[in-house]
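Data first, discussion second: the structure below is written as C-alpha cells.
Just so you know, all these numbers are worked out from the coordinates, no wet-lab data involved. All of these numbers come straight from a predicted model, not from anything done at the bench. All Cβ positions, even for glycine, are placed from backbone atoms using ideal geometry, and neighbour counts span all protein chains on display.
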Amino acid sequence: MDLLNKNAIVTGSSRGIGKAITESLLEEGTTVIGWNRTKPGFEHERFHAIQVDIADEHEVRRAFEETLDLVGKEIQILINNAGIGYKGTTEEMPASEWRRLFNVNVHGLFYTTQQVIPLMKEMKEGHIINISSGAGTTGIAGMVAYCGTKHAVHGISHALHAELRYDGIKVTCLSPGSVHSNFSKEMGSPPSKTNKMRPEDIAYSVVHALKAHPNYHYVDMEVRPLQP
Ligand SMILES: NC(=O)c1ccc[n+]([C@@H]2O[C@H](COP(=O)([O-])OP(=O)(O)OC[C@H]3O[C@@H](n4cnc5c(N)ncnc54)[C@H](OP(=O)(O)O)[C@@H]3O)[C@@H](O)[C@H]2O)c1
C-alpha cells in the first residue's frame, strides 16, 4: 500500500512503540488518529489525538465517530498496539487485574477492529496490524495473564486473516521480543539491563509490512534483539 494520504488509527500512540509507529507513518505522509487514555505530548498537522479507553466498548464507538468526523470514512490502516502487562504470581494476582488485562489487550482489540471492518470491506482495502509479543507463543513464569492475552491476540490475528483475506483486507500479527519503552515500568518491574530493541525498529517493520504488494502478505512477523 502506498502510505501517502492514507488514514491510520494507532491505539497507544502516546509513547513507546505506538509513538514510534505514529512518527514513521507521519513521515510517510499518512494521517494518524491516535487513540489513548491520556493526551500525547506531541503535535503534528496530520496527527489527531482522541482520548479513549479501548477497554470500554461505548467509548470506542464514540472515538470511532469522532475519527470519522475528522478524516471521513476512508480508514485504510488500524494498528492495534495499546496493551498493558502484569507481573506477579497467579495465586496472588487480583482477579480485577486479570480482567483488566483481558479487557484492554483482547476485548479492546475486538472493539476497535469491529469498527473498521465494514469500511475496509467497502473499500476492498485495509491493513490491520495487531501487536502481540514473544509472550504470545511461549510461556513466561509470573506473566500468565499477559501470556494468555498475547496468545489470544495471536490466534485472533490468524483467524481474522483467514476471515478477511478475500475482502482485500490484510491482518498481520507482529510479535516483538523486549523493546525499550515504559512498558516494564508500568508493570512495576525494575529497569532491566538487557539489550532491548528500539521502538523505531518495530515501526520500521510495521511500515515495511504496510508497503508490501497487494498480493504479498506478512501473516506473522517475529522480531527479536539479536543479542539480548
Ligand atoms: N515493550 C516491550 O518489551 C513489548 C514487547 C512485546 C510486545 N509489546 C506490546 O507492544 C504494545 C505497546 O507497548 P509499549 O512497550 O509501547 O508500552 P507503553 O510504553 O506502556 O505504551 C502503551 C501505550 O498504550 C496506551 N494504552 C494503555 N492502555 C490503554 C487503554 N486502555 N486505552 C487506550 N490506550 C491505552 C498508553 O497510553 P495511555 O496510558 O495514555 O492510555 C500508551 O500509549 C503493547 O501491546 C505491548 O504488549 C511490548
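With charges only on Cβ, +1 for K and R and -1 for D and E, what is the dipole size of the chain about its Cα centre, in debye, rounded to 20?
Details: 23 positive and 26 negative charges, 101 e Å.
Here the size comes out at about 480 debye.
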Placed amide H near Y86: partners under 5 Å, 5+ positions off or other chain: Y146
Neighbourhood net charge (12 Å Cβ-Cβ; Lys/Arg +1, Asp/Glu -1) for N130: +1
The chain: angle of helix 144-164 to the longest principal axis, Cα-based, in degrees nearest 10: 20
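Net charge around N103, counting only other residues with Cβ within less than 14 Å of its Cβ (Lys, Arg = +1; Asp, Glu = -1)? Walk me through the intermediate numbers first.
On the way: positive: R37, R99, R100; negative: D53, D56, E57, E59, E97.
Local charge sum for N103: -2.
With a sphere of radius 13 Å drawn around the Cβ of E43, what net charge do the other residues whose Cβ falls strictly inside it have (Lys, Arg +1; Asp, Glu -1)?
On the way: positive: K19, K39, R46; negative: E23, E45.
So the environment of E43 carries a net charge of +1.
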Nonlocal amide H pairs with I33, under 5 Å, H built at 1.01 Å: A8, I9, V10, H48
Listed peptides 176-188, 138-150 by packing density, highest first (mean Cβ within 10 Å): 138-150, 176-188
Highest to lowest packing among 117-124, 79-86, scored as the average C-beta count within 10 Å: 79-86, 117-124
